[in-house]
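Everything on this sheet refers to the single structure shown next.
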Amino acid sequence: MNEKLPELRERAMKLPLEPGVYIMKNSADKIIYIGKAKALRNRVSQYFGSQNNHGSKVRRMVENVDHFEYIITTSEFEALVLECSLIKQHKPKYNILLKDDKGYAYIKITKGDWGRISAEKNNNDATAQYLGPYMSHYYVKNAVDQAQKIFMLPVCGKSFPRDFGKSRPCLNYYIKQCCAPCTGRVSVKEYNANFADAVEFLKNGGKASIKALTDEMNAAAENLEFEKAARIRDRINAVKRVGERQRVVATNVPEQDVIALACNGESGCFEVFRFEGGRLYDRENFILSDVEDTPKARTEFIERYYQLRGKIPPRVTLDSECEDAEILEQWLSSQAGKRVQITVPQKGEQLKLAQMCRKNATEQIAQKRGVTAKEESALIELAQILGLDSAPDYIESYDISNLMGDENVAGMVVFRKGRPYKKAYRRFKIKTVAGQDDYASMSEVIRRRFEEYAAHRDDGNTFGIMPDLILLDGGKGQHSAVMQVLREMNIELPVFGMVKDGKHKTRAITDGREEIEITSKRSAFTLVSNIQEEVHRYAIAYHRARRKSSSIKSSLTDIEGIGEKRAKALLKHFGSIKNIKNADLQELIDAPTMNVNAANAVYNYFH
C-alpha cells in the first residue's frame with residue numbers, strides 16, 4: 001500500500017474541475033503515466049480512492065506514484081492532443097506503448113531458368129529482382145502463396161536441374177498445386193512460361209492476368225492447340241477462385257479499419273484488420289501486458305496506433321465502446337485531414353467483421369499460452385463472469401461421494417489451461433467425519449489439501465501449486481464451509497460453488513451469497529459443465545472402488561483367523577478372490593502374513 005495515498009488524494013481533491021493533462025511521477029521524479037481528463041479533480045482523485053475499483057495494472061501504477069503534476073487546457077480536444085504529444089515524447093511505463101517492428105516487405109524474383117518467387121523482409125540479394133517495398137507482410141505473403149498455387153510453382157528447397165528424378169513428387173503435385181519439375185518431365189521452356197505468368201500476376205493483379213490469359217487461350221484454340229487452351233482455361237479459373245475466396249473477407253465499406261481487443265488479465269491482444277477497395281489488404285496484432293478490457297484501453301491503443309501508422313481511414317470499426325469517442329473522432333479527423341467516424345456495430349456484416357477480428361485476437365493470445373482459441377475464449381469468459389483479474393490457468397474442483405454416510409470419500413480434479421490435468425488429480429478418504437455430512441467432509445478435504453501445499457510448495461509435487469480458482473460441486477453450504485477453512489488458514493482464493501438442477505446438470509455458479517447465471521455464456525458454461533461432470537465422475541468412481549474393496553475384504557474377514565490386514569495382504573498377493581479360491585494349501589501357507597492355521601482356515605472355507 002502506498003503510504004502517500006491520503007496525501008495524494010487530498011491534493012487531487014484541490015484540483016480544478018477543468019479539462020487538462022495529468023502527469024504521474026515516481027520518487028525518482030520519472031514520469032510513469034500520462035493521462036487526460038474532462039475534469040481533472042474527478043479523474044485524478046479516482047486513482048487515490050479505493051484500490052478495489054482498479055485493475056492490477058492501475059494498482060501497480062498507483063503504488064509507485066510519489067507526486068503528480070497537471071496542465072490545464074481550454075478543451076478536451078486540446079487535452080487529447082497534448083496527451084498524445086507528451087506520451088510520444090516521454091514513453092511512460094504504464095501507458096500503452098506499441099513497438100513498430102513491422103518494416104517493409106518485398107517479393108523476391110530469382111533470375112535465370114527455373115526461377116523462384118518468395119516473400120522477404122529485405123532486399124539484399126544483388127542477383128535477384130525485387131518487387132516492393134510494401135508495408136504489408138500479410139499482403140505480400142498472401143500474394144506469393146496465391147501465385148505459387150495458381151501457376152503451380154514449386155515451394156520446396158530442391159534445385160533444378162540438379163534434383164531431377166532424385167525423389168518422388170510431394171503432395172502439392174497430387175493436389176495440383178505444383179507442376180513437379182523434380183520429375184524431369186517439365187521442360188525449362190514450359191516452366192519459364194508459367195513463371196513469367198506468375199510474375200505478371202504479381203505485378204499487375206488478377207484482372208490483368210485474366211485478360212492476358214484469355215487472349216492466350218483464344219489464340220491457342222484458334223491454332224487448334226486444344227490441350228494448351230484447356231490448361232490456360234484451368235489457370236483462368238484458378239485466378240477467379242482466388243478472387244472468390246478474397247470476397248469471404250470483404251466489406252461493403254470501401255475503406256476502413258476494424259479493431260478488436262481480447263484480454264485475459266495477464267495480457268491482451270489488439271487485432272487490426274485494414275480494408276481498402278472493400279477487401280482485406282493488411283492485418284496486424286499487438287500483444288501487450290496488463291491490458292484491461294476497458295473503453296479507456298481502446299482509446300489509448302487507437303491514439304498510439306495512428307501515431308505509428310500515418311494512414312487513417314474514413315471509418316474505424318470497434319468491437320466495443322471506447323472512451324471519449326467524440327473527442328477521439330475529432331483528433332483522428334484532424335490527423336487525417338478528413339472526416340473520420342468511429343462505429344461499434346450491433347448487427348449485420350460489420351458486427352460479423354468485428355467478431356472475426358476479436359476471434360483472431362483471442363487466437364493470438366491462445367497461441368502464446370499454448371492453448372486453443374476455444375479454450376482461451378472459455379477461460380476469458382469465465383474470468384469475466386466471476387470478476388477475476390485474469391483467466392484462471394489452474395482450476396481445482398472438489399466433490400464428496402458416499403452412500404448414506406458409508407465409505408465417505410472425495411475427489412479432486414484439476415483443469416490446466418482449460419484441459420484436464422490428470423497428473424494432479426487426487427483422492428481423499430474422509431477420516432474425521434462420521435455419517436453423511438458433506439459440509440464437514442468438504443472442510444476436511446480443503447484443510448488437508450492446503451496442509452499438503454505448505455509441505456510441498458518447493459519440491460515439485462502438484463500439491464505445491466496454488467490454484468487460481470476453486471470450484472466446488474455444491475451450493476452455498478459447501479462454499480461457506482470451505483471459506484471458513486481458508487480464512488482460518490489465511491489463504492485468499494476465489495471459490496465458487498457449481499449449482500445443479502434436478503437432473504444433476506450445471507445450472508449456475510454461486511459466490512456464497514447469490515447465484516450467477518452462466519447459461520448465456522456458451523464457452524464458459526461448457527467449460528464449467530465439463531469440470532462438474534469430471535469431478536463427479538472421479539469422486540463416484542473412487543467411492544465405488546472403495547465399496548467393492550470393502551465388500552471383498554468383508555468376505556475374507558468372515559474366515560476365522562483372517563483380519564483386515566491379512567485380507568488386504570492376500571488380495572495384494574493373489575490379485576483376486578478367484579485366485580485365492582483356486583490356490584493350493586502350500587501357496588496359501590507361503591503367502592505374506594499367513595501361517596499354517598490361517599492357510600488351513602482359508603483353504604477349508606473355499607473347499
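The values are calculated or read from the model by the stated rules, or taken from the named source; none is laboratory data. Note that this is a predicted model, so its numbers are computed, not measured. Because the Cβ atoms are built from the backbone with ideal geometry, glycine has one as well, and the counts that use them run over all protein chains shown.
One residue alone among Tyr33, Tyr70 is of a type in the set (Phe, Trp, Tyr), free of Cβ contacts under 8 Å to residues at least 60 places away in the same chain and within 18 Å of Asp324 (Cβ to Cβ), and that residue is Tyr70. Specify the residue that is farthest from Lys36 (Cα to Cα); the eligible residues are those in the range 324-339 that are free of Cβ contacts under 8 Å to residues at least 60 places away in the same chain, surrounded by 15 or more Cβ atoms within 10 Å (Cβ to Cβ) and not hydroxyl-bearing (Ser, Thr, Tyr). For the range 324-339, the residue satisfying everything is Ala336. Filtered by the rule that a residue be under 29 Å from the mean Cα position of the chain (by Cα) and more than 30 Å from Lys25 (Cα to Cα), the range 77-119 gives Lys102, Gly103, Tyr104, Ala105, Ala119. Selection of the range 351-370 for residues being under 30 Å from Asn53 (Cβ atoms) and either in contact with a Lys or Arg (Cβ under 8 Å, 6 or more places away or on another chain) or of a type outside the set (D, E, K, R) (or both) yields Ala354, Gln355, Cys357, Ala361, Thr362, Gln364, Ile365, Ala366, Arg369. Looking only at residues in the range 536-557 that are among the hydrophobic types (A, V, I, L, M, F, W, C) and modelled with pLDDT under 80, the one that is surrounded by the fewest Cβ atoms within 10 Å (Cβ to Cβ) is Ala545.
List the helices (runs of 4 or more DSSP H) that sit entirely inside the range 1-78 and contain at least 2 residues that are within 20 Å of His90 (Cβ to Cβ) and at pLDDT below 95.
On the way: elements: 5-12, 40-47, 56-63.
Per the criteria, 40-47, 56-63.
Could you say which residue among Gly112, Gly165, Gly103 is out of contact with any strand residue (DSSP E or B) (no Cβ under 8 Å at 6 or more places or on another chain) and free of Cβ contacts under 8 Å to residues at least 12 places away in the same chain?
On the way: Gly165 fails: free of Cβ contacts under 8 Å to residues at least 12 places away in the same chain; Gly103 fails: free of Cβ contacts under 8 Å to residues at least 12 places away in the same chain.
Checking each option against the conditions leaves just Gly112.
This table checks each residue for (1) over 30 Å from Asn285 (Cα atoms); (2) surrounded by fewer than 19 Cβ atoms within 10 Å (Cβ to Cβ).
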| site | (1), (2) |
| --- | --- |
| Ala143 | no, no |
| Asn172 | yes, yes |
| Cys182 | yes, no |
| Phe201 | no, no |
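Checking each residue in the range 340-358 for being farther than 14 Å from Phe275 by Cβ, surrounded by fewer than 16 Cβ atoms within 10 Å (Cβ to Cβ) and either touching a Gly at 6+ places or on another chain (Cβ under 9 Å) or basic (Lys, Arg) (or both) picks out only Lys347. Within the range 149-169, the set of residues being more than 19 Å from Asn194 (Cα to Cα), touching a Lys or Arg at 6+ places or on another chain (Cβ under 9 Å) and either of a type in the set (Gly, Ala, Ser) or surrounded by 14 or more Cβ atoms within 10 Å (Cβ to Cβ) (or both) comprises just one member, Ser167.
With respect to (1) part of a loop (DSSP other than H, G, I, E, B); (2) touching a Leu at 6+ places or on another chain (Cβ under 6 Å), the lone exception for Ile327 is condition (1). The residue that is nearest to the chain's Cα centre (by Cα), counting only those in the range 280-305 that are among the basic types (Lys, Arg) and over 15 Å from Cys357 (Cβ atoms), is Lys296.
I need every pair where a residue in the range 118-136 that is on the phi > 0 side of the Ramachandran plot has its Cβ under 9 Å from the Cβ of a residue that is outside any strand (DSSP E or B), sequence separation at least 6 or different chains. Matching pairs, first to second residue: Gly132/Tyr104; Gly132/Asn123; Gly132/Val140. For the range 76-86, the set of residues classified as more than 15 Å from Arg43 (Cα to Cα) and either acidic (Asp, Glu) or without any contact (Cβ under 8 Å) to a residue 60 or more places away in the chain (or both) consists of Glu78, Ser85, listed by residue number.
Please specify each residue of the range 141-168 satisfying the condition of being among the β-branched types (Val, Ile, Thr) and under 18 Å from Ile210 (Cβ atoms). Result: Ile150, single match.
Any residue in the range 278-287 that is touching a Cys at 6+ places or on another chain (Cβ under 9 Å) and either within 20 Å of Arg60 (Cβ to Cβ) or without any contact (Cβ under 8 Å) to a residue 12 or more places away in the chain (or both)? Before the answer, list the steps.
Here is the first cut: in the range 278-287, the ones touching a Cys at 6+ places or on another chain (Cβ under 9 Å) are 283, 285-287.
If we keep only those that are either within 20 Å of Arg60 (Cβ to Cβ) or without any contact (Cβ under 8 Å) to a residue 12 or more places away in the chain (or both) too, we end up with 287.
Yes, the range 278-287 has at least one match.
Screening Ala524 against (1) surrounded by 13 or more Cβ atoms within 10 Å (Cβ to Cβ); (2) not assigned by TED's automatic domain parsing to the domain that holds Leu469 leaves a single unmet condition, (2).
I'd like to verify a number: residues in the range 494-515 that are surrounded by fewer than 15 Cβ atoms within 10 Å (Cβ to Cβ) and aliphatic (A, V, I, L, M), how many? Even if it seems obvious, please write down each step before you answer.
Of all residues in the range 494-515, those surrounded by fewer than 15 Cβ atoms within 10 Å (Cβ to Cβ) come to 501-505, 513-515.
Next, only the ones that are aliphatic (A, V, I, L, M) stay: none.
Number satisfying all stated conditions: 0.
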